[in-house]
1. What does the helix-only formula give at 222 nm for the protein assembly as shown: each DSSP H stretch with n ≥ 4 adding -39500 (n - 2.57), the total divided by the residues, and the result rounded to the nearest 500 deg cm²/dmol?
2. Kindly give the distances from A:Glu122 to its copy-mates, label point to label point, with each label point 7 Å from Cα along Cα→Cβ, as nm values to one decimal ordered shortest first.
3. Using the Karplus equation 6.51 cos²θ - 1.76 cosθ + 1.60 (θ = phi - 60°), what ³J(HN,Hα) coupling, rounded to whole Hz, does each residue of segment B:17-26 give in order, writing x for Gly and Pro?
4. Say a label goes 7 Å from Cα toward Cβ at B:Pro45 in every copy; what distances in nm does this one have to the rest, shortest first?
5. So the label point goes 7 Å from the Cα of A:Glu110 along Cα→C-beta, right? Which residues of segment B:103-126 then have their backbone N under 16 Å from it?
6. Looking for one value pair here: nearest-to-axis residue in chain B (by Cβ) for the rotation onto A, and the distance in whole angstrom.
7. Go ahead and run the numbers for FRET between B:Ala125 and A:Ala123, Cβ-Cβ distance against an R0 of 35 Å, rounding to 0.05.
8. Work out the length of the dipole vector of chain A about its Cα centre, built from +1 on the beta-carbon of each Lys and Arg and -1 on the beta-carbon of each Asp and Glu, and round it to the nearest 20 debye.
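Any read-out appearing in this document is the output of simple, stated calculations on the displayed coordinates, not a laboratory observation. What you see is a predicted model; the values in this text were computed from it and never measured. Because the Cβ atoms are built from the backbone with ideal geometry, glycine has one as well, and the counts that use them run over all protein chains shown.
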2 protein chains.
Amino acid sequence: MGVVLIGHGSKLPYGKRVMEELRRRLEMRGIYRVVRCAFMQINSPSIEEELRELASSGIKKIIALPVFLADGAHTTEDIPEKLKAAFSGEWADIGKDVELIYGKPIGVDERIVDILVDRVKEATAR
Amino acid sequence: MGVVLIGHGSKLPYGKRVMEELRRRLEMRGIYRVVRCAFMQINSPSIEEELRELASSGIKKIIALPVFLADGAHTTEDIPEKLKAAFSGEWADIGKDVELIYGKPIGVDERIVDILVDRVKEATAR
């Protein structure tokens with residue numbers, strides 16, 4: 001099983017850095033065969049590139065996880081379109097045996113609330 | 001002390017719902033005098049509206065926390081501009097005794113990695 005963390009993409013370097021560090025830490029958990037990043041826009045690899053590479057390398061089950069706080073136009077329209085395009089037309093062949101599962105964004109979670117409490121503490125401590 | 005959770009804003013309802021639920025849960029912790037939401041765009045209240053309301057109600061210390069996964073143009077340019085505008089010009093008076101502290105985004109955190117593991121589990125269990 002391969003996990004693809006999908007980020008928004010940004011002209012500034014921070015977003016990609018955060019995604020790559022989350023990827024590295026998720027990989028270190030040792031649960032998944034491969035863990036990769038892909039970006040909806042601006043940064044590379046693109047969603048299409050990364051999915052095609054994983055499929056070409058023989059990964060048969062791919063979980064595409066939007067690393068977004070909440071659903072929005074990006075997670076409900078833009079990313080699903082790119083997931084569909086990855087294995088369409090001339091690329092249909094490399095995706096034909098691949099099970100592609102699209103996950104949910106981070107959403108409401110008590111651990112996010114914990115992090116927010118810490119960020120307030122840090123802000124007032126500076 | 002008042003905490004303002006700053007969200008991106010979206011035409012779809014999900015982002016605001018997630019923000020309001022995070023706000024409610026943070027408020028339930030009972031740590032801060034007030035916890036509010038404000039939105040960078042589209043949804044209301046705007047950042048300027050919320051800051052002015054808190055200042056008018058007598059809150060003297062406000063922590064504005066960007067509920068974003070990573071720094072980017074929004075957190076380094078757009079939101080700081082709005083924070084500055086909130087107590088500028090004709091509104092300078094209501095902000096003159098207010099200490100406004102701008103916090104950091106969520107960033108890399110092991111608890112985010114924990115959540116991603118859960119989201120992968122949920123996606124494969126469906």
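1. Per the formula, -12500 deg cm²/dmol.
2. 2.4
3. Computed from phi, the couplings for segment B:17-26 are 4, 4, 4, 5, 6, 4, 4, 4, 5, 5 Hz.
4. Label-point separations across copies, in nm and ascending: 4.6.
5. Answer for segment B:103-126: B:111-112, B:114-115, B:118.
6. Residue with the nearest Cβ, plus whole-Å distance, for chain B: B:Arg111, 2.
7. Efficiency, from the Cβ-Cβ distance: 0.40.
8. My answer is approximately 460 debye.
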